[in-house]
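The values are calculated or read from the model by the stated rules, or taken from the named source; none is laboratory data. The model shown is predicted, which means the values in this text are computed figures rather than measured ones. Cβ atoms come from the backbone with ideal geometry, glycine included; neighbour counts cover every protein chain shown.
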C-alpha cells in the first residue's frame, strides 16, 4: 500500500469526498417561532460496552447494569419534571437485555433509535457483517419498542466504507454520528445528495469526554461536574445566539449518578428559562428540517 504522501489527487480527493456535508438544513425559523432547537440524546449502551470487546468483567457488566437500574430512572425523572422528550440510542443487545425500559420510554413519547447490534465498532467489521447487524438491530428495536427506528448513531461515531449505503438501504430519515457542522445538513454520497439529514455530534457536547473512567487505562474523570455544566451551557448559549441546533449526548451509566444528574436538570432550567426553545426528539427535528428543505429521500 502506498504512503499518503504518494497518493495522487484522485486518491486523496476520493477519500475526502466519499461522505461529505451538503447544504445546510438549518431552517429559516423553528416551530412556534422558537429561537433554536434542542435535541437531547442518551446512548443507552448498558452492558454492551463490555460485551462488544468480548469482555468477561463482572464489575464492568454491573457498571452497565447501573445505567439501566439507576441511570435511566434518574434521567427519566428529570425529563418528566421538565416535560420534555428525548432520543435514546440503544444497541439491540441492550434492548434485548432491558426490553421493558425501551417499551416504557417509547410509550412515554421518547424516541428509540439505532446504535448498532452489540455496540460493535462498525468500522472494524466486514461490510456484509455491518449490514446484517444493522438490519437485525432495526428489526429488533421495532419488535421491542413497537416502532421502526428512523435514525441511527453508529457505535463508533464514525462511518466505514459501507455505512452510508446501509443507512440508505434502511431508508433512514437521519444520522447523528458525524461532525461537519453545528447545525443540521444533508449528507452527500460522493457528491450525490442522499436526502438523509445529519444531526451532528461533537465530543465537546458529550459527557463521556469529561467523566468516563477506565480503571486500567489513562482515561480518568478530570473535569468537575459543575464545569461540565458550564461547558454545555456555553454551547447552548452559542446555539441560541445563532438560532441553530444544540445537540447533547449523555450516557445513563455516566451521568445517572447522584452527583451528576444535576447537570441535566440545571441545564434544562437554563434552556427553559429562555422561553423560546423547541426541545424535541432527533426524529422530530430531522423531519422538520427535511420538510422545510423539501428533501427527497
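Some notes on this structure:
- Hits in the stretch 223-256 - residues which are out of contact with any helix residue (DSSP H, G or I) (no Cβ under 7 Å at 6 or more places or on another chain) and over 27 Å from residue 152 (Cβ atoms): 224, 226, 227, 230, 234, 237, 241
- The stretch 116-137 residues that are in contact (Cβ under 8 Å) with a residue 60 or more places away in the chain, paired with ones that are in a helix (DSSP H, G or I) (beta carbon under 6 Å, 6 or more apart): 118/48; 118/51; 118/93; 119/48
- Looking only at the stretch 259-275, and only at residues there that are assigned to a loop (DSSP other than H, G, I, E, B) and touching a helix residue (DSSP H, G or I) at 6+ places or on another chain (Cβ under 7 Å), the one that is surrounded by the fewest Cβ atoms within 10 Å (Cβ to Cβ): 259
- Number of positions in the stretch 164-200 that are under 21 Å from residue 240 (Cβ atoms) and without any contact (Cβ under 8 Å) to a residue 24 or more places away in the chain: 1
- Identity of the residue in the stretch 34-70, touching a strand residue (DSSP E or B) at 6+ places or on another chain (Cβ under 6 Å) and not in a strand (DSSP E or B), that ends up nearest to residue 258 (Cα to Cα): 44
- Residue check for residue 256: surrounded by 21 or more Cβ atoms within 10 Å (Cβ to Cβ) and either more than 26 Å from residue 33 (Cβ to Cβ) or touching a residue at least 24 places away in the same chain (Cβ under 8 Å) (or both): yes
- Qualifying residue in the stretch 85-99 (condition: in a helix (DSSP H, G or I), over 17 Å from residue 49 (Cα atoms) and over 17 Å from the mean Cα position of the chain (by Cα)): yes
- Scan the stretch 100-114 for residues that are outside any helix (DSSP H, G or I) and within 20 Å of residue 73 (Cα to Cα) and the total you get is 6.
- The single condition from (1) free of Cβ contacts under 8 Å to residues at least 40 places away in the same chain; (2) part of a loop (DSSP other than H, G, I, E, B); (3) under 19 Å from the mean Cα position of the chain (by Cα) that residue 147 fails is (1).
- Positions within the stretch 213-253 being touching a strand residue (DSSP E or B) at 6+ places or on another chain (Cβ under 9 Å), part of a helix (DSSP H, G or I) and more than 14 Å from residue 271 (Cβ to Cβ), in sequence order: 242, 252
- Selection from the stretch 285-297 of residues that are in a helix (DSSP H, G or I) and over 29 Å from residue 47 (Cβ atoms): 285, 287, 288, 289, 290, 291, 292, 293
- Any hit, the stretch 189-209, residues being at pLDDT 95 or above, in a helix (DSSP H, G or I) and either surrounded by 22 or more Cβ atoms within 10 Å (Cβ to Cβ) or over 17 Å from the mean Cα position of the chain (by Cα) (or both): no
- The set of residues from the stretch 184-201 being out of contact with any helix residue (DSSP H, G or I) (no Cβ under 8 Å at 6 or more places or on another chain) and closer than 17 Å to residue 38 by Cα comprises 185, 198, 200, 201.
- Residue in the stretch 121-138 that is assigned to a helix (DSSP H, G or I), under 25 Å from residue 202 (Cβ atoms), at pLDDT 95 or above and over 17 Å from the mean Cα position of the chain (by Cα) present: yes
Matching residues to (1) touching a helix residue (DSSP H, G or I) at 6+ places or on another chain (Cβ under 7 Å); (2) free of Cβ contacts under 8 Å to residues at least 24 places away in the same chain; (3) surrounded by fewer than 24 Cβ atoms within 10 Å (Cβ to Cβ):
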residue: 30; (1), (2), (3): no, no, yes
residue: 33; (1), (2), (3): no, no, yes
residue: 41; (1), (2), (3): yes, no, no
residue: 46; (1), (2), (3): yes, no, no
residue: 53; (1), (2), (3): no, yes, yes
residue: 56; (1), (2), (3): no, yes, yes
residue: 69; (1), (2), (3): no, yes, yes
